[in-house]
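Have a look at the structure below before the remarks.
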Amino acid sequence: MVSQLLDKYQLTAKKQLGQNFLTDANTLQKIVAAAELDSSDLVVEIGAGIGTLTNSLAERAGLVVTVETDRSLAPLLEEVLTGHANVRIIYGDILKLDPLILIEETHLKPKVVANLPYYITTPILFHLLESGIDWRLLVFLVQKEVAQRMVSPPGNKIYGALSVMIQHYCHAEIIGIVPPTVFLPRPKVDSAIVRLIPRKRETNPQTERLFSLLVRTSFAYRRKNLFNSLRRIFSDLGGEKRVEEAFQVLGINPKQRGETLSPEEFYALASYLAKN
């Protein structure tokens with residue numbers, strides 16, 4: 001079916017866009033089931049591709065807004081999505097669009113479901129999570145390695161900035177592993193279905209800014225201990241004495257590495273430093 005559609009419109013997957021079209025019905029069902037959809041949901045899909053996932057989403061959700069960067073897919077998508085009046089296709093780069101525009105003029109519950117291109121997974125994740133939208137649920141098909149980093153606990157060798165930031169925003173869980181055989185063309189690695197459930201939290205712009213700065217700096221110099229890795233940004237944190245005071249009050253050993261701190265500890269440090 002997928003090959004026939006691509007042949008009909010003389011299309012091939014574009015490697016530069018990270019296109020790997022999902023072809024397996026069972027995987028589609030798992031993704032849709034993980035999103036827990038009903039008619040009260042608005043689904044933002046990143047990358048319509050050839051419309052297989054879009055079709056499945058439209059059968060359950062009240063509205064599907066799908067963003068596709070490849071305009072050459074337009075004739076194919078028009079055919080595949082015929083009959084779904086609840087699908088809106090926006091051709092453009094999701095990273096250049098304000099996600100708020102995608103959900104305006106509707107009172108439906110916003111969710112995200114996407115088969116993400118491997119090469120821009122992380123930028124898209126943060127673009128969505130930092131949008132200010134009260135997402136009810138986010139389900140992604142991503143590279144297995146990325147999924148494992150997203151759910152990794154502190155102290156693990158793959159625990160990093162992505163782990164901290166994702167777990168700060170959401171409860172993350174891996175729903176299932178997906179082999180390369182369900183894609184056309186086949187990638188060289190396994191994928192995973194990940195579900196993110198956003199956390200309800202009070203936010204402070206200054207704390208959020210320092211939190212992001214602390215996390216990114218700590219892992220940029222992950223072989224150094226906390227004190228030495230943060231030394232280069234002491235001026236942004238209120239000075240060396242202020243940082244030492246925060247470590248002491250919060251019971252954080254300045255000689256430990258950033259990879260040993262939990263997301264909660266990073267945020268507590270940011271919150272303390274943001275007070276003044």
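The values are calculated or read from the model by the stated rules, or taken from the named source; none is laboratory data. Everything numeric in this text was worked out from a predicted model, so none of it was measured. Please note: Cβ atoms are built from the backbone with ideal geometry, for glycine as well, and neighbour counts cover all protein chains shown.
Restricting attention to the stretch 152-172, does a residue exist that is within 20 Å of Leu116 (Cβ to Cβ), of a type outside the set (A, V, I, L, M) and in a strand (DSSP E or B)? Yes, some residue in the stretch 152-172 is within 20 Å of Leu116 (Cβ to Cβ), of a type outside the set (A, V, I, L, M) and in a strand (DSSP E or B).
Tell me whether the stretch 15-29 contains one or more residues that are touching an Asp or Glu at 6+ places or on another chain (Cβ under 9 Å), loosely packed, with under 13 Cβ neighbours inside 10 Å and among the small types (Gly, Ala, Ser). Please lay out each step first, then the result.
The first filter runs over the stretch 15-29 and keeps only residues touching an Asp or Glu at 6+ places or on another chain (Cβ under 9 Å), leaving 17, 19.
Narrowing the set further to residues that are loosely packed, with under 13 Cβ neighbours inside 10 Å leaves none.
Within the stretch 15-29, not a single residue is touching an Asp or Glu at 6+ places or on another chain (Cβ under 9 Å), loosely packed, with under 13 Cβ neighbours inside 10 Å and among the small types (Gly, Ala, Ser).
The residues on offer are Leu196, Leu210, and the sole one that is at pLDDT 95 or above, surrounded by 13 or more Cβ atoms within 10 Å (Cβ to Cβ) and in contact with a helix residue (DSSP H, G or I) (Cβ under 6 Å, 6 or more places away or on another chain) is Leu210.
Take Ser131 and decide whether it is assigned to a loop (DSSP other than H, G, I, E, B), on the phi < 0 side of the Ramachandran plot and either free of Cβ contacts under 8 Å to residues at least 12 places away in the same chain or within 21 Å of the chain's Cα centre (by Cα) (or both). Spelling it out, Ser131 is indeed assigned to a loop (DSSP other than H, G, I, E, B), on the phi < 0 side of the Ramachandran plot and either free of Cβ contacts under 8 Å to residues at least 12 places away in the same chain or within 21 Å of the chain's Cα centre (by Cα) (or both).
For the stretch 82-103, the set of residues classified as touching a residue at least 24 places away in the same chain (Cβ under 8 Å), under 21 Å from Ser40 (Cβ atoms) and out of contact with any His (no Cβ under 8 Å at 6 or more places or on another chain) consists of His84, Asn86, Val87, Arg88, Leu100, Leu102, Ile103, listed by residue number.
When you check Leu73 against the structure, is it farther than 27 Å from Met150 by Cβ, surrounded by 19 or more Cβ atoms within 10 Å (Cβ to Cβ), modelled with pLDDT under 95 and hydrophobic (A, V, I, L, M, F, W, C), yes or no? Give the derivation first.
Values: farther than 27 Å from Met150 by Cβ: yes; surrounded by 19 or more Cβ atoms within 10 Å (Cβ to Cβ): yes; modelled with pLDDT under 95: yes; hydrophobic (A, V, I, L, M, F, W, C): yes.
Here the answer is yes, as Leu73 does meet what is asked.
Listed by first and then second residue, the pairs with beta-carbon distance under 7 Å, at least 6 apart or on different chains, first residue in the stretch 244-265 and touching a residue at least 60 places away in the same chain (Cβ under 8 Å) and under 19 Å from Asn156 (Cα atoms), second among the hydroxyl-bearing types (Ser, Thr, Tyr) and surrounded by 16 or more Cβ atoms within 10 Å (Cβ to Cβ), are Glu259/Tyr159. From the list Thr181, Thr203, Thr207, the lone residue that is part of a helix (DSSP H, G or I), more than 30 Å from Ser3 (Cα to Cα) and over 18 Å from the mean Cα position of the chain (by Cα) is Thr207.
Among residues of the stretch 160-173 that are not assigned by TED's automatic domain parsing to the domain that holds Val215, those with a beta-carbon under 6 Å from a residue that is crowded, with 22+ Cβ neighbours inside 10 Å and in a strand (DSSP E or B) at least six positions away or on a different chain give the pairs Cys170/Leu196; Ala172/Leu196.
Would you be able to tell me the number of residues in the stretch 216-261 that are surrounded by 16 or more Cβ atoms within 10 Å (Cβ to Cβ) and of a type in the set (S, T, N, Q)? The number of residues fulfilling the criteria is 4. Filtering the stretch 89-125 to residues that are surrounded by fewer than 21 Cβ atoms within 10 Å (Cβ to Cβ) and either assigned by TED's automatic domain parsing to the domain that holds Arg216 or among the small types (Gly, Ala, Ser) (or both) leaves only Gly92. Among Leu137, Leu100, which is of a type outside the set (Asp, Glu) and over 18 Å from Cys170 (Cβ atoms)? So the residue among Leu137, Leu100 that is of a type outside the set (Asp, Glu) and over 18 Å from Cys170 (Cβ atoms) is Leu100. For the stretch 145-159, the candidate set comprises residues that are touching a residue at least 24 places away in the same chain (Cβ under 8 Å) and among the β-branched types (Val, Ile, Thr); within that set, the residue that is surrounded by the most Cβ atoms within 10 Å (Cβ to Cβ) is Val146. Keeping to the stretch 30-49, report how many residues are without any contact (Cβ under 8 Å) to a residue 24 or more places away in the chain and surrounded by 12 or more Cβ atoms within 10 Å (Cβ to Cβ). Residues in the stretch 30-49 being without any contact (Cβ under 8 Å) to a residue 24 or more places away in the chain and surrounded by 12 or more Cβ atoms within 10 Å (Cβ to Cβ): 1 in total. In the set (1) touching a helix residue (DSSP H, G or I) at 6+ places or on another chain (Cβ under 9 Å); (2) closer than 30 Å to Gln29 by Cα, Arg242 fails one condition alone, (2).
For Asn20, the criteria (1) touching a Lys or Arg at 6+ places or on another chain (Cβ under 8 Å); (2) on the phi > 0 side of the Ramachandran plot; (3) polar (S, T, N, Q) hold in every case but one, which is (2).
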